[in-house]
Every structure is written in C-alpha cells, then in structure tokens.
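As structure tokens, the structure follows; a few thoughts come after it.
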Amino acid sequence: MRSLVAPLALVVALTGVLAACSAAPPTSITVYSGRSEALVGPLIERFETQTGIQAEVRYGSTSELAALILEEGANTPADVYFAQDAGALGAVAAAGHLRTLPSESLNRVPERFRSPDSQWVGLSGRARVLVYDSRELTAEELPASIEALTDPAWSGRLGWAPTNGSFQAFVTAFRLLKGDAAARAWLEGIQANDPVRYDENGLIVQAVADGEIDAGFVNHYYMLQAQAEQGADFPVRNHFFGAADPGALVNAAGAGILTPTDAEASARRFIEFMLSNESQAYFATETFEYPLVSGVAGPEGLPALDQIQSPDLDLSDLSDLQATLTMLNETGVLP
C-alpha cells in the first residue's frame, strides 16, 4: 500500500492544479475610450460585474487616443479602442491596428454601421440635427437642406462648435458627398452669417434655450439630455434634415480590437456585451443615442433610425480628417 501513496498524492496534486487553472479569473483588458466616463462608465462597471473581467479604462478624446494608438503601434497596452465616431476607427483600421471581428458581432448591426473590412462595429448611432427655439420658429420654417442656412436671413442667429469632433466628422462627410468646393462654400457662407462659436454642443443647446441664438448644429441627443434635466417645457427641439442631405449624417460610436492584444477572448466579450440588448437599451435610455441592434427601442420622441434620410456613405471614409482640418483653418473657422 505504501508504494501507492506517492502516485496517488501526485494525482491529487495535479488534479488540484488543473482545477485551479480552470477556475482562474478571466483576464483583464485595457480600454482606450473616446466616450466620456460620465456616459459609459456605469455601463463598463456592469460589464465587469457580469463577466468578472476587469476593465482598465483610459479616457480621452477620440482623436487623441487614435493618434496615441498610431504612435504606440505594436507596443500599445490597449486591447479595445472605444471611439465616439467611425472616422477615428477607420483611421486606426487603415493603419493595420485592428483585428477582424467575428461575424456574430458584426451581424448584430446594419451593414452601414460596421467596417466593410470587418474590423470595427458600431455600438450606438448619433444623428446630426439642427436644434432650434420652438418659441421663435416652427418646423415648417426650417430648411430641408443644411446648405440653405448660408442665406443672409440667418445672420447672427446660428451657433456652432468647430473644435468638436462630431462637427468635424460632419464637415468630412460634406466633403465626401458634395466635394471640397461645395464644403468650402458652405463653411464660408456660414462664416459670413457671423455664427456664435461655442466650445461644446451642450452649450449650443442651452444658448438656444436662453434665447441667445435661434438655432445651432449639434448631435440629436444633446437636446434630449437637456430636456430630461429641465423638464418637458424645455423650448428647444430637434430638426432632422432630409433627402440624403449632408446635415442628415448618422455617425456611429463603435469599437474594435487592437492587433497586439493578448486578451482577444475578453476583448470580444466586451464588444459582445456592448451589443447585448441590455447595453443597447442603456444607450437609448441613459445617453439618448440610437441603439443599432434590431428590436431595441430607441429614445422616445425621435424618428426611427430607418426613417432618417441619411446619406449613403461608408463611415470608415470619415477618417480623412486632416484635409477637413486644413479646410477649417484656411476658411478661418478654426484659428
């Protein structure tokens, strides 16, 4: 019997080691997030709680984090890039820094909100709108095209935020859809109307509410956020442009997995979680963005996503930001 004790003890020990390995906690991931902590921090905490995967998040502007990834290259510690717009994801993908995503994740959203090369996927939709003062204007008085706002009748009545990434993505879309000459003419036309410059979209919405301006260029959810905070009597409304107008752009916040990651399985779980019905409902009710997964209701008071007459555009092409920045500088929109 004594001769069997050692082998038996060895088997027991090995079994314990294997059990410990199989029970090891999931690996952690590092997320570079261009979405603010105030917006997505609670959702990322839910991900950690439900999966047991620790997410170390570095928050910053989408463009700055994209530039950081390009600089770090193969040495980036990031596993996931969570961006506020598709253009930045397109730039990182074009540089070869994003892995191919599984079809199960990609197919959760419409084709126009995912990479044509399967390297990033949209998580929520962000429609460009004109917010307006409903005390001064009716929906019928507003133009069908954003180009009509260069009319001198709008002089001194508009607000914009030229340093905002979403505005710059819109100008990039304008260039791609109408050409550089038309985009330049629009910028110069708006400039001639002496628009009030703001640092943030939320400030534009509040300026409309305060009667400082009659209308301004923002994403759709800023009005809904302000309305939720200030009540149903909030006087600002969203105006959606139509007929595939550049002003009707619907961009996507999205995510991709960085090429150097050694935690791909956990990174995929992060994206799967963000595409779950629970997370998509969070975007609709907490950040007032459009969920992109079919069957999840969007924010109340908005047209359905498929009813917005947005232009036909490969959102990856919004990565052509440098030419837009050059144009904004040349026209004096940016100092």
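Every read-out reported here was derived from the displayed coordinates using simple, explicitly stated rules and does not represent laboratory data. Bear in mind that the values here come from a model prediction, so they are computed numbers and not experimental data. Here the Cβ positions follow ideal geometry from the backbone for every residue, glycine too, while neighbour counts run over all protein chains shown.
What's the FRET efficiency of THR100 with GLN307 using the Cβ-Cβ distance as r and R₀ = 45 Å, to the nearest 0.05?
The formula returns an efficiency of 0.90 here.
Here the alpha carbons of segment 153-286 define both size measures, Rg and Dmax, at 18.2, 57 Å. Between 0 and 90 degrees, the angle of helix 165-178 with respect to the longest Cα principal axis of the chain falls at about 70 degrees.
On a 0 to 90 degree scale, rounded to 10, what angle separates helix 321-330 from the longest Cα axis of the chain? With rounding to tens, the tilt is 30 degrees. DSSP bridge analysis restricted to the chain gives an antiparallel fraction near 65%, rounded to the nearest 5.
The mean sequence distance of close C-alpha pairs (under 8 Å, at least 6 residues apart), as a share of the length of the chain, puts its relative contact order at 26 percent.
Rounded to the nearest 500, the helix-only mean residue ellipticity at 222 nm of the chain stands at -12500 deg cm²/dmol, with each DSSP H run of n ≥ 4 adding -39,500 (n - 2.57).
As a proxy for reagent exposure, ranking VAL131, VAL31 by other Cβ atoms within 10 Å from fewest up yields VAL31, VAL131.
What length, rounded to one decimal in nm, is gained on full extension from THR49 through to LEU325, with 0.36 nm per residue of separation minus their alpha-carbon distance?
Gain on stretching THR49 to LEU325: 95.3 nm.
For the chain, the Kirkwood estimate of the hydrodynamic radius, built from every pair of different alpha carbons, is 21.4 Å.
Extension gain, ASP210-ALA185: 0.36 nm per intervening residue step, less the Cα-Cα distance, totals 6.0 nm. When the Gaussian network model of the chain links Cα atoms closer than 10 Å, the mean-square fluctuations of ASP194, ASP306, ASP210 top out at ASP306. In segment 231-335, taking the dipole from charged Cβ atoms about the Cα centre, the farthest positive-side position among ALA267, PHE288, THR324 is held by PHE288.
Neighbour counting of Cβ atoms within 10 Å sorts the residues PHE240, PHE82, fewest neighbours leading, into PHE240, PHE82. Which one, LEU258, LEU39, LEU318, has the greatest fluctuation when you compute a Gaussian network model over the chain with C-alpha springs under 10 angstrom? Per the Cα network of the chain with a 10 Å cutoff, LEU39 tops the list.
Report, in degrees rounded to the nearest 10, the 0 to 90 angle that the Cα long axis of helix 180-192 makes with the longest principal axis of the chain. Around 60 degrees separate the two axes. Of ASP214, ASP262, the sequence from fewest to most neighbouring Cβ atoms within 10 angstrom is ASP262, ASP214.
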